[in-house]
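**Student:** Mind having a look at this structure? Questions to follow.
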Amino acid sequence: MREAGGRTHEAYRGITACGDWSHGGAEYKFEKIVSRSPLPIGKGVSMCARQKFPILMLIPVALMLASFGGASRADTVSDAMDQAYEHSETRALVVLVNDAADRVFTKGEAAFAEFRVADSRWRKGETYVFVLDRQGNMVVHPDPALEGKNVLDLRDINGKPIIRGLIATATSLPDKPSGWYHYEWPVPNGLLPRWKSTYVRLIQAPSGKGYIVGAGMYNDEMERPFVVDMVKDAVGQIEANGEAAFKLFHDQTGPFIAKDAYIFVFDPKGVDLVNPGFPSLEGRNLMELKDTQGKQIIQEMLKVVQTSGSGWVDYMWPKPGDSVSTQKSAYVSKAKMGDQWALVGCGVYLANAPKATSKEKKLTAPELMALVSEAAALLHEQGESAYPELRTKGSNWFRDNTYFFVWAMDGTRVFHAADPGKEGQNDAGIVDVHGRPYGKMFLEAGNSPAGEGWVHYMYPEPGDIFPTWKSTFVKRVTYPDGKQYLVGSGIYNMQMDKAFIEDVVNRASEVVTQEGQAGFAKLRDKTGPFVFMDTYVFLQKPDGVELVNAGQPSLEGKDLSALQDLQGKPFVKDYIAVAMQKGSAWVEYEWYRPGQNSTTRKLTYVRKVQSGADTYIVGSGYYPQE
């Protein structure tokens, strides 16, 4: 019998289970093939709803088998029901790891020789089985530089501890000897790191020694079981350590922040206790928080854990850089915390999640730039006399959540259409929830040679407390009395546009031209104007060596000139050549969008920049919404 994604017990080989299963408030459709080993027709036992053979009869058997010894046995059938993997590659990987663990359980260390055979089931292409011991010694691995070594301190490009994380995944909770761990790692013979999801299982060999058996896959998409696994681990940490576990959930290099997912915690009254994505919300009561379609998100989540203990809640929320909302799915579970309980959850955008249709046409980036220029012209002609017109709701200047503000060049708000109460205060030092100093950025854009520019930051929509991306265009203007001011207007969740990319590349080029290498740190600053949403600036030498890359710092110092896109196009060589010849250009190629495992079109803008005797290529790209 195979349980929890693949563990086989010889006496039950050939059993198939299929039907509907409800577990933890969620319903699953499943068809679990218990063994890959073929049997003559009639030899196996089929347990299906259509045969009126109760699936619950599997549970006593599973519990009996699980009692044989913790880490040496498989998880229970109820855990298997959570493993409703959407992608066949994920299911195959789980089967591979569990079958490898079965080999170690029955054959012990003699199985390691099988795992080392190239082009075998255990080692083929990007997929391979590895074996670790509890001390971090790599017992089996295709890379000779790793096998036989203690690799406990191996980390990914972001400093995330790979080996320590894999071991903890299989050993930190006594009743959970398997699970998923996510980190960034280059594909074999590749330069660019991608998210890798690795499944591991703790197993005991006949010798009595415990091993961690695992395999990984390069998959940018989250699966429901990944989320369930993360939440279960978080619940275990809270029930074992109480509030002391909260520090783990904030650790950017820990197991509770992966891809675009993170653990959040609420108390029964709706107070946000842990929110790594938006720490400024911690301590606030979000019971009335609604999604973009009016659904009361926190109330729905609390209802699920109070009635079912755990389950899924779907709601609509815009992805960074998207102008419309996409369905986001959160798995939530109740956790004991001393004499109290807490709601623990994790939300993700799953593959092929439904997307809302835009109810209204938002201004595009060029349209907003034109509108700000018109307002600047009006203020240049009329000065303060134009304020009543700019404050008129329903006018071209003030509609929905689009409105104008005016700052003095020292950062003092002299006019704010949506909130006159803010007039007179100085906001030159104001920062958003992530520490991005957008007040300073406004003034820098206004004081630049161009006298204008885009600033992207997190800010709540009027009447809301949850910050979202806002893109604001500001422009320097001279009033009739000769004084200079800064006029601006912004749009929430504006769709990424070529105008944004050209603006950020041009401003980065100014920094490099004026400051040379001394300005590189500004391009890397993740709270600065050159990193926002999933956009960042890169800088290369004309020979293809990467000098600055805030998005993937591990590439710095490497020659990328031979890099090809997913269609074999040498796009780095192409954009360097066109930039050197024409000075600037847009290039197009096929690439993986963050959070997706399928190829999509990427557009990148590059400029040739001269700083003294040094020549550089400055660029940035985005994924257009099709």
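**Student:** Exactly one condition in (1) touching a residue at least 40 places away in the same chain (Cβ under 8 Å); (2) over 26 Å from the mean Cα position of the chain (by Cα) is not met by SER333; state its number.
**Tutor:** Failing condition for SER333: (2).
**Student:** Please specify each residue of the stretch 450-479 satisfying the condition of being under 20 Å from ASP410 (Cβ atoms) and in contact with a helix residue (DSSP H, G or I) (Cβ under 7 Å, 6 or more places away or on another chain).
**Tutor:** GLU452, GLY453, VAL455, TYR457, VAL474, LYS475, ARG476, VAL477, THR478, TYR479
**Student:** Going through GLN564, GLN552 one at a time, which residue ends up being of a type outside the set (Val, Ile, Thr) and more than 24 Å from VAL531 (Cβ to Cβ)? Full working, then the answer.
**Tutor:** Numbers: GLN552 fails: more than 24 Å from VAL531 (Cβ to Cβ).
Going through GLN564, GLN552 in turn, the sole match is GLN564.
**Student:** Next question, about the same structure. Are any residues in the stretch 490-527 of a type outside the set (Gly, Ala, Ser), in contact with a helix residue (DSSP H, G or I) (Cβ under 6 Å, 6 or more places away or on another chain) and farther than 18 Å from TYR622 by Cβ, and if so, which ones?
**Tutor:** Listed by number, the residues that qualify are VAL511, VAL512, LYS522.
**Student:** Pairs needed: first member in the stretch 405-416, within 16 Å of GLY383 (Cβ to Cβ) and touching a residue at least 12 places away in the same chain (Cβ under 8 Å); second member anywhere, among the β-branched types (Val, Ile, Thr) and surrounded by fewer than 20 Cβ atoms within 10 Å (Cβ to Cβ); C-beta distance under 8 Å; at least 6 residues apart or different chains.
**Tutor:** VAL406/VAL414; TRP407/VAL414; ALA408/VAL414
**Student:** Also, quick follow-up: Of the residues ILE501, ILE491, ILE465, which is touching a Leu at 6+ places or on another chain (Cβ under 9 Å) and outside the structural domain of THR412 (by TED's automatic domain parsing)? Before the answer, list the steps.
**Tutor:** Working: ILE491 fails: outside the structural domain of THR412 (by TED's automatic domain parsing); ILE465 fails: outside the structural domain of THR412 (by TED's automatic domain parsing).
Within the list ILE501, ILE491, ILE465, the selection yields ILE501.
**Student:** Can you tell me how many residues within the stretch 473-492 are assigned to a strand (DSSP E or B) and out of contact with any Ser or Thr (no Cβ under 7 Å at 6 or more places or on another chain)? Walk me through how you get there before you give the answer.
**Tutor:** At the first step, the residues of the stretch 473-492 found to be assigned to a strand (DSSP E or B) are 473-478, 484-492.
Still in the list and also out of contact with any Ser or Thr (no Cβ under 7 Å at 6 or more places or on another chain): 474, 476-478, 485-487.
Selection size over the stretch 473-492: 7.
**Student:** So which residues in the stretch 176-214 are surrounded by fewer than 22 Cβ atoms within 10 Å (Cβ to Cβ) and among the aliphatic types (A, V, I, L, M)?
**Tutor:** VAL187, LEU191, LEU192, ALA205
**Student:** Here's a follow-up. Taking the conditions exactly as written (among the polar types (S, T, N, Q), touching a Phe, Trp or Tyr at 6+ places or on another chain (Cβ under 7 Å) and not in a helix (DSSP H, G or I)), does THR198 satisfy them or not? Working first, answer last.
**Tutor:** Values: among the polar types (S, T, N, Q): yes; touching a Phe, Trp or Tyr at 6+ places or on another chain (Cβ under 7 Å): yes; not in a helix (DSSP H, G or I): yes.
Considered against the rule, which asks whether it is among the polar types (S, T, N, Q), touching a Phe, Trp or Tyr at 6+ places or on another chain (Cβ under 7 Å) and not in a helix (DSSP H, G or I), THR198 comes out as yes.
**Student:** Could you grab the pairs with beta carbons closer than 7 Å, sequence gap of 6+ or different chains, first residue in the stretch 206-235 and over 24 Å from ARG116 (Cα atoms), second one surrounded by fewer than 22 Cβ atoms within 10 Å (Cβ to Cβ) and β-branched (Val, Ile, Thr)?
**Tutor:** GLU223/THR90
**Student:** Which numbered condition trips up ASP525, out of (1) out of contact with any His (no Cβ under 6 Å at 6 or more places or on another chain); (2) buried (at least 17 other Cβ atoms within 10 Å of the Cβ); (3) not hydroxyl-bearing (Ser, Thr, Tyr)?
**Tutor:** Going through the list (1) out of contact with any His (no Cβ under 6 Å at 6 or more places or on another chain); (2) buried (at least 17 other Cβ atoms within 10 Å of the Cβ); (3) not hydroxyl-bearing (Ser, Thr, Tyr), ASP525 breaks only (2).
**Student:** Still on this structure: Look at the stretch 238-261 and say how many of its residues are crowded, with 21+ Cβ neighbours inside 10 Å, modelled with pLDDT of 95 or more and not aromatic (Phe, Trp, Tyr).
**Tutor:** Here the count works out to 2.
**Student:** Within the stretch 397-422, count every residue that is charged (D, E, K, R) and modelled with pLDDT of 95 or more.
**Tutor:** If we filter the stretch 397-422 for residues that are charged (D, E, K, R), which is where we start, we get 399-400, 410, 413, 419, 422.
Filter once more, keeping what is modelled with pLDDT of 95 or more: 410, 413.
So the answer is 2.
**Student:** Considering each of LYS422, LYS483, LYS498, LYS470 in turn, give the residue that is touching a Phe, Trp or Tyr at 6+ places or on another chain (Cβ under 9 Å) and exposed (fewer than 14 other Cβ atoms within 10 Å of the Cβ). Spell out the reasoning first.
**Tutor:** Numbers: LYS483 fails: touching a Phe, Trp or Tyr at 6+ places or on another chain (Cβ under 9 Å); LYS498 fails: exposed (fewer than 14 other Cβ atoms within 10 Å of the Cβ); LYS470 fails: exposed (fewer than 14 other Cβ atoms within 10 Å of the Cβ).
Just one listed residue meets the conditions, LYS422.
**Student:** Same structure again: Would you pick out the residues in the stretch 86-109 that are farther than 15 Å from GLN204 by Cβ and assigned to a helix (DSSP H, G or I)? Step through it out loud before you land on a result.
**Tutor:** Filtering the stretch 86-109 down to residues farther than 15 Å from GLN204 by Cβ leaves 86-97, 99.
The answer is SER88, GLU89, THR90, ARG91, ALA92, LEU93, VAL94, VAL95, LEU96, VAL97, ASP99.
**Student:** Just one of ILE263, ILE257 is touching a Cys at 6+ places or on another chain (Cβ under 6 Å), in contact (Cβ under 8 Å) with a residue 12 or more places away in the chain and under 27 Å from ASN241 (Cβ atoms); which is it? Outline the logic, then answer.
**Tutor:** On the way: ILE257 fails: touching a Cys at 6+ places or on another chain (Cβ under 6 Å).
Testing whether each residue is touching a Cys at 6+ places or on another chain (Cβ under 6 Å), in contact (Cβ under 8 Å) with a residue 12 or more places away in the chain and under 27 Å from ASN241 (Cβ atoms) leaves just ILE263.
**Student:** Something else about it: Across the stretch 372-419, what is the number of residues that are of a type outside the set (Val, Ile, Thr) and farther than 28 Å from LYS361 by Cβ?
**Tutor:** Just the residues of the stretch 372-419 that are of a type outside the set (Val, Ile, Thr), to begin with: 373-391, 393-401, 403-405, 407-411, 413, 415-419.
From what is left, the residues that are farther than 28 Å from LYS361 by Cβ are 380-385, 407-411, 413.
Here the count works out to 12.
The values are calculated or read from the model by the stated rules, or taken from the named source; none is laboratory data. All values reported here derive from a predicted model rather than from experimental measurement. Quick reminder, even Gly has a Cβ in these numbers, built from the backbone with ideal geometry, and neighbours come from all protein chains shown.
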